[in-house]
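Novice: Before I ask anything, let me first share the structure, which is written out below as structure tokens.
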Amino acid sequence: EKERLERRRRMLARERGEAPPTPPPASKQQPERERPAPERSAPSTLPPKEQGAAAAPAATLRPISPILRRRQRRRRIAVVLVVLIIAAVMAVGSGLLGTSIAMLGDMTDSISLYLNRAGAGWPANTGIRTPTQVEPLAGGFVEMDNEDVAVYSAYGAKIRTIQPGYARPALAVGNTRFVLYNRAGKELTVQSRTRQLYAKSFNNAIMLCEMAQNGTLAVVTESDRYAAEVMVYDASFSGDPFTWKLTSTDGTPIALSFATDNHRFAAATVAARDGQLRTTVRMMNTNSDTAGPFYVADTGSVILKLKWISSSRVLAVFDSYAAIINVSDGTESARYDYG
């Protein structure tokens, strides 16, 4: 059968004028199994011009992909930078940045004092013979007389001694820092346990200073046009302070106390009424431009101590009685007369 098919092929080839096909050489080996031909895609039905146009984007995508990746990376970096800038602006605007920096400095001081606690202990001999003021300071204390200020750590170690050089020095403490001010001058310095943080001078004499637990500082000064002026600075001492200008009717502040939220404070003011001194305890908030409720003390009573005992109550100690004042409306919730 094979020979017959072969003869037929040769005859057809001669009729067409072609060379007869050469028969394959005989081989004793078994023929290999035919491999399947690879599938070919169907020929495109598009005209040649359209085929070239369709193939052009595919050819140009390869070199552009790294460029696209670089652009995407730049966009991501730009978005991150914008987010960081917005966060920084919000932190500065809300006061969080200054608070965070202050907390970082306090943490550094605590670590340094812990590492240098060797040889320290209690009781501690400060060398100050006639102390005028002693205040707790982050587990330790700060003590002063008319010339020197000694700072001690929570481990009983002497950290440093300060000589402010003020005629009438006084201090106020806020957790891990304190303010030294001159009651006969216009200067003050804000100190941490290990170093001086800020120094500031005012146009008028300083009457009183008070510091919140987060380092917020209230300064009461004399005023040319008012009875007194209260300025409240944030912990970083940056930005415009909260300002409260008191008239002769409001009186002069002689005691201040901050709440634990570091924004609200109570101020005890003294003014002359009908020939007698009248003390008024006023509730203020640095987040508000309006004065809050107030409490009017008994006529002739002199304030000795003012302290927040909760978020809604203030303890006022006078020379003749003590009262617990409701912050919301300025009324007495409790009272004790000395008799």
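Novice: Can you work out which of the residues in the stretch 274-310 that are hydroxyl-bearing (S, T, Y) and surrounded by 14 or more Cβ atoms within 10 Å (Cβ to Cβ) is nearest to N326 (Cα to Cα)?
Specialist: Residue satisfying both the conditions and the ranking: Y295.
Novice: Residues of the stretch 302-316 being under 22 Å from C209 (Cα atoms), small (G, A, S) and part of a loop (DSSP other than H, G, I, E, B), which ones?
Specialist: S310, S311
Novice: While we're on this one: What's the number of the only condition in (1) of a type in the set (A, V, I, L, M); (2) within 30 Å of Y321 (Cα to Cα); (3) part of a strand (DSSP E or B) that V190 fails to meet?
Specialist: Of the numbered conditions (1) of a type in the set (A, V, I, L, M); (2) within 30 Å of Y321 (Cα to Cα); (3) part of a strand (DSSP E or B), the odd one out for V190 is (2).
Novice: Mind listing whichever residues of the stretch 318-339 are loosely packed, with under 15 Cβ neighbours inside 10 Å and either in a strand (DSSP E or B) or free of Cβ contacts under 8 Å to residues at least 12 places away in the same chain (or both)?
Specialist: Result: E332, S333, A334, R335, Y336, D337, G339.
Novice: Scan R74, R62 and give me the residue that is surrounded by fewer than 11 Cβ atoms within 10 Å (Cβ to Cβ), out of contact with any His (no Cβ under 6 Å at 6 or more places or on another chain) and at pLDDT below 70.
Specialist: R62
Novice: I'd like to know if the stretch 328-336 contains one or more residues that are closer than 29 Å to G215 by Cβ and touching a strand residue (DSSP E or B) at 6+ places or on another chain (Cβ under 8 Å).
Specialist: Looking through the stretch 328-336, at least one residue is closer than 29 Å to G215 by Cβ and touching a strand residue (DSSP E or B) at 6+ places or on another chain (Cβ under 8 Å).
Novice: Here is a follow-up. Which of the residues that make up the stretch 157-167 are crowded, with 16+ Cβ neighbours inside 10 Å and either farther than 18 Å from Q196 by Cβ or of a type outside the set (F, W, Y) (or both)?
Specialist: Answer for the stretch 157-167, where residues must be crowded, with 16+ Cβ neighbours inside 10 Å and either farther than 18 Å from Q196 by Cβ or of a type outside the set (F, W, Y) (or both): A157, I159, I162, P164.
Novice: Confirm whether E187 is free of Cβ contacts under 8 Å to residues at least 40 places away in the same chain and of a type outside the set (S, T, N, Q).
Specialist: Taking the combined requirement at face value, the residue satisfies it.
Novice: Can you find a residue in the stretch 212-219 that is closer than 21 Å to R313 by Cα, over 29 Å from the mean Cα position of the chain (by Cα) and of a type in the set (S, T, N, Q)?
Specialist: For the stretch 212-219, residues closer than 21 Å to R313 by Cα, over 29 Å from the mean Cα position of the chain (by Cα) and of a type in the set (S, T, N, Q): absent.
Novice: Kindly evaluate R313 against the criterion of being under 28 Å from A199 (Cα atoms), among the basic types (K, R), surrounded by fewer than 18 Cβ atoms within 10 Å (Cβ to Cβ) and free of Cβ contacts under 8 Å to residues at least 60 places away in the same chain.
Specialist: no
Novice: Can you name the condition, by its number, that M283 falls short on among (1) assigned to a loop (DSSP other than H, G, I, E, B); (2) touching a residue at least 40 places away in the same chain (Cβ under 8 Å); (3) not acidic (D, E)?
Specialist: Going through (1) assigned to a loop (DSSP other than H, G, I, E, B); (2) touching a residue at least 40 places away in the same chain (Cβ under 8 Å); (3) not acidic (D, E) one by one, M283 breaks only (1).
Novice: Can you pull out the residues in the stretch 93-121 that are assigned to a helix (DSSP H, G or I) and modelled with pLDDT of 75 or more?
Specialist: M107, T108, D109, S110, I111, S112, L113, Y114, L115
Novice: Taking the condition buried (at least 17 other Cβ atoms within 10 Å of the Cβ), of a type in the set (G, A, S), in contact (Cβ under 8 Å) with a residue 40 or more places away in the chain and within 21 Å of N204 (Cβ to Cβ), does A235 pass?
Specialist: Against the criterion (buried (at least 17 other Cβ atoms within 10 Å of the Cβ), of a type in the set (G, A, S), in contact (Cβ under 8 Å) with a residue 40 or more places away in the chain and within 21 Å of N204 (Cβ to Cβ)), A235 does not qualify.
Novice: Test A172 against the criterion of being in a strand (DSSP E or B) and hydrophobic (A, V, I, L, M, F, W, C), and give yes or no.
Specialist: In short, yes.
Novice: Okay, moving on. Hey, could you check the stretch 122-151 for residues that are in a loop (DSSP other than H, G, I, E, B) and hydrophobic (A, V, I, L, M, F, W, C) and say which is surrounded by the fewest Cβ atoms within 10 Å (Cβ to Cβ)?
Specialist: Of everything passing the filter in the stretch 122-151, W122 is surrounded by the fewest Cβ atoms within 10 Å (Cβ to Cβ).
The values are calculated or read from the model by the stated rules, or taken from the named source; none is laboratory data. Because the structure is predicted, anything quoted here is derived from the model rather than measured. Cβ sites come from the backbone with ideal geometry, for glycine too, and all protein chains shown count toward neighbours.
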